[in-house]
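Visitor: After the structure tokens below, expect a handful of questions from me.
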Amino acid sequence: MKNMTLRLAVLGSVAYSAYALAAPGFTALPTTTPLPHPTVAGATTAYVTCNNTGNFGSGVSIKSPTTSPSNECFLTPNPAADLASPVTGYTLVTSANRPVTLNNIYSGNTPIVIGNVLDVVWRKPAATAPVTPTPMCIYGTKFTATATDYNTTAVGNQYFEANGIARGGFIDTVAATPRNVEVAYARMTAVSEVLFRAGRAYKSVQHRPGDQDVPQTGLGGNPSINGLNAWPGSAGAAQQTADLDNNWVEFTTDVNARDDDGSTTASSAMFYIRTSCTTAAPATESNAIRLRQTFQEQSTDGANPAADQNFIQVNISGFVPPNGLTANSPTPLQPY
């Protein structure tokens, strides 16, 4: 197992939104201009690193809190429960438990429930400017996987692995501008996986040992999942990229009911997105949350030959900010 030691020293140069940060952990994502890439001269990235231990899921991550640089985005103090407000001043608005149903060529075009997403919204009312001139909302996302064989076409049991989780709706259609966005995560149980990185991006990018910690922008690649959809091998430069997309936030994690690399964590941490909102009820849109399996490894469940963990995208409904740009775009394709 290789522990990455990279840290984004450029975080201090990110233009933070006008409101003050209320607690450690919340980290601003770029809004209109990508960040300088930390290791490739002249390149840019839409991502920040949060916990770069455990080779992004190819090994066992070190659960925060630890020492920097694996402590970025980690929220302290830890909330008491999944539905508890992550920071003071926010109250629970609504929540939903959403089944995650896979239905594609691997399931024989038959719906199979492979887990659930806890979808939560908290809100803080507006106060006198410049503290919080508009209401603020926090959108919480937690995926829990079940030990369900989704691949009816392969020998043995293949369990869906969520390497990326994307949420949409973060462009304000009234103001016609992207909302400022901050991200954080918290672990309410000892068996929840950390947040490796987060980006103002639609695309989820594969991370195999030796890959860069953060994707570059501007080189193209697949629309929803980028990487090498084959085994073995390493992705090329264009397959390690994700452009900045102001309507989306992408979380990179590694959640599986039985992970083939031995680092099994069946639930994610609670991932938070903080942004401006209104006093209106959050809207619910189909396809607002998209879970991606990015083929980080090959299945080793004892079957011979081993089954692949090919690219898969599973789409579910989710809460979006009031006046948020539709999260149904891009139109999701199957299997990704």
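The values are calculated or read from the model by the stated rules, or taken from the named source; none is laboratory data. Here the structure is a predicted model, which is why all the values come from computation and not from measurement. Because the Cβ atoms are built from the backbone with ideal geometry, glycine has one as well, and the counts that use them run over all protein chains shown.
Visitor: Name the residues in the stretch 148-192 that are acidic (Asp, Glu) and either buried (at least 18 other Cβ atoms within 10 Å of the Cβ) or under 23 Å from ASN226 (Cα atoms) (or both), would you?
Guide: Passing the criteria: GLU161, ASP172, GLU182.
Visitor: Look at the stretch 187-204 and say how many of its residues are more than 24 Å from GLY324 (Cβ to Cβ) and of a type outside the set (S, T, N, Q).
Guide: Within the stretch 187-204, the subset more than 24 Å from GLY324 (Cβ to Cβ) is 187-194, 196.
Checking which are of a type outside the set (S, T, N, Q) leaves us with 187-188, 190-191, 193-194, 196.
Residues in the stretch 187-204 being more than 24 Å from GLY324 (Cβ to Cβ) and of a type outside the set (S, T, N, Q): 7 in total.
Visitor: Now a separate question. Got a sec? Which of THR76, THR44, THR94 is over 19 Å from the mean Cα position of the chain (by Cα) and surrounded by 15 or more Cβ atoms within 10 Å (Cβ to Cβ)? Steps first, answer last, please.
Guide: Details: THR76 fails: surrounded by 15 or more Cβ atoms within 10 Å (Cβ to Cβ); THR94 fails: surrounded by 15 or more Cβ atoms within 10 Å (Cβ to Cβ).
Only one candidate passes the filter, namely THR44.
Visitor: Can you pull out the residues in the stretch 113-128 that are among the aliphatic types (A, V, I, L, M) and either in contact (Cβ under 8 Å) with a residue 40 or more places away in the chain or within 16 Å of THR275 (Cα to Cα) (or both)? Working first, answer last.
Guide: Here is the first cut: in the stretch 113-128, the residues among the aliphatic types (A, V, I, L, M) are 113-114, 117-118, 120-121, 126-127.
Those that are among the aliphatic types (A, V, I, L, M) and either in contact (Cβ under 8 Å) with a residue 40 or more places away in the chain or within 16 Å of THR275 (Cα to Cα) (or both): ILE114, VAL117, LEU118, VAL120, VAL121, ALA126, ALA127.
Visitor: Taking the stretch 1-44, which residues are in contact with a Pro (Cβ under 6 Å, 6 or more places away or on another chain) and modelled with pLDDT of 95 or more?
Guide: THR44 - this is the single residue of the stretch 1-44 that is in contact with a Pro (Cβ under 6 Å, 6 or more places away or on another chain) and modelled with pLDDT of 95 or more.
Visitor: One residue is enough: does the stretch 100-108 have a residue meeting the conditions within 18 Å of VAL320 (Cα to Cα) and either β-branched (Val, Ile, Thr) or surrounded by fewer than 14 Cβ atoms within 10 Å (Cβ to Cβ) (or both)?
Guide: From the stretch 100-108, those within 18 Å of VAL320 (Cα to Cα) are 100; that's our starting set.
Adding the requirement that they be either β-branched (Val, Ile, Thr) or surrounded by fewer than 14 Cβ atoms within 10 Å (Cβ to Cβ) (or both) leaves 100.
Yes, because at least one residue in the stretch 100-108 is within 18 Å of VAL320 (Cα to Cα) and either β-branched (Val, Ile, Thr) or surrounded by fewer than 14 Cβ atoms within 10 Å (Cβ to Cβ) (or both).
Visitor: Does PRO305 fit the bill of being in contact with a Lys or Arg (Cβ under 7 Å, 6 or more places away or on another chain) and more than 24 Å from ASN328 (Cα to Cα)? Please lay out each step first, then the result.
Guide: Values: in contact with a Lys or Arg (Cβ under 7 Å, 6 or more places away or on another chain): no; more than 24 Å from ASN328 (Cα to Cα): yes.
Taking the combined requirement at face value, the residue does not satisfy it.
Visitor: Could you grab me the full set of residues in the stretch 108-158 that are in contact with a Lys or Arg (Cβ under 7 Å, 6 or more places away or on another chain) and among the small types (Gly, Ala, Ser)? Lay out the reasoning, then the answer.
Guide: Looking only at the stretch 108-158, we keep the residues that are in contact with a Lys or Arg (Cβ under 7 Å, 6 or more places away or on another chain), and these are 116-119, 132, 135-139, 141, 147.
Correct list: ALA147 only.
Visitor: Follow-up question, since we're still on this one. Quick check: is even one residue across the stretch 217-234 under 30 Å from ARG123 (Cβ atoms) and in contact with an Asp or Glu (Cβ under 8 Å, 6 or more places away or on another chain)?
Guide: No, that holds for no residue.
Visitor: Among the residues of the stretch 207-245, how many are polar (S, T, N, Q), within 15 Å of ARG292 (Cα to Cα) and touching a Lys or Arg at 6+ places or on another chain (Cβ under 9 Å)?
Guide: 3
Visitor: Looking at PRO130, PRO99, which is the one that is more than 22 Å from ASN78 (Cα to Cα) and part of a strand (DSSP E or B)?
Guide: Values: PRO130 fails: part of a strand (DSSP E or B).
That would be PRO99, the only listed residue that is more than 22 Å from ASN78 (Cα to Cα) and part of a strand (DSSP E or B).
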